[in-house]
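Read-outs throughout are calculated quantities, based only on the coordinates presented, and are distinct from any laboratory measurement. Quantities reported herein were computed from a predicted structural model and do not represent experimental measurements. With ideal geometry, Cβ positions are generated from the backbone for all residues, glycine too; neighbour counts draw on all protein chains shown.
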Amino acid sequence: MAIKSDRWIRRMAVEHGMIDPFELGQVREGEHGRVISYGTSSYGYDVRCADEFKIFTNINSAIVDPKNFDSNSFVDLKSDVCIIPPNSFALARTVEYFRIPRNTLIVCVGKSTYARCGIIVNVTPLEPEWEGHVTLEFSNTTPLPAKIYANEGVAQILFFESDEVCETSYKDRGGKYQGQRGVTLPKS
């Protein structure tokens, strides 16, 4: 398995629709000045956060249960920024929609700009033949409120191409998050 370069990423995005919308290079300037960078990097792709957020709240004293998740544990927000309460988290989604090739595995890591502020971005691997908007989880590990910017870079996607095609893909298994759009809560 080998990590893929910017040349491979561009080819797969343009010719095979792997990332939509797709930015050919690194974007550092936006409509209102500097932005946290997004787009193609040397060996990855920096994804953007959409303006749809679900902010965790415990006003209902719910128990977080991945087998029986209570959607009332979140407050929905559509905004250019999201303020995450201290020691809490929020869910969001990528602007980009992904179509992963059958011989490719994707790993997502947080951007250093957010990590240096105590904000951890968590995403599980994107498996072969998975497609959809990526649901992002932002953990605010600080005792202070933290700000996330919509339509700016939040995480880097790394592409690993195998020298052989997997026997069973996410699509073959009928994965429960296949084709997800918007911020997707846990499914049992």
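Structure notes:
- Each residue of segment 114-123 was assigned a 3J(HN,Hα) from its phi angle through the Karplus curve 6.51 cos²θ - 1.76 cosθ + 1.60 (θ = phi - 60°); the sequence is 6, 4, 6, 9, x, 9, 9, 9, 10, 9 Hz, with glycine and proline shown as x.
- Within segment 93-117, backbone nitrogen closer than 16 Å to the virtual label 7 Å beyond the Cα of PHE160 toward Cβ: 101-110
- Within a straight-line Cα-Cα reach of under 16 Å, LYS54 can be paired with the following aspartates and glutamates, leaving aside sequence neighbours fewer than 8 residues apart in one chain: ASP70, ASP76, ASP80, GLU137.
- Estimated purely from DSSP H runs of n ≥ 4, each contributing -39500 (n - 2.57), the mean residue ellipticity at 222 nm for the chain is -2500 deg cm²/dmol once divided by its residues.
- Euclidean distance between Cα centres, segment 122-188 to segment 48-79, Å: 17 Å
- Matching the structure-derived percent of Cα pairs over 24 Å apart against the labelled list (i) 52; (ii) 40; (iii) 43 gives the label (ii).
- Förster radius 30 Å - calculated FRET efficiency between ARG102 and LEU185 (Cβ-Cβ, nearest 0.05): 0.65
- Angle in degrees between helix 6-16 and the longest Cα principal axis of the chain, rounded to the nearest 10: 90 degrees
- For ARG102, residues with placed amide H under 5 Å, excluding near neighbours: GLU129
- Here the residues HIS16, HIS32, ranked from fewest to most Cβ neighbours within 10 Å of their Cβ, fall in the order HIS32, HIS16.
- Residues with amide H under 5 Å from that of TYR38, placed H, sequence gap 5 or more: VAL27, GLY153
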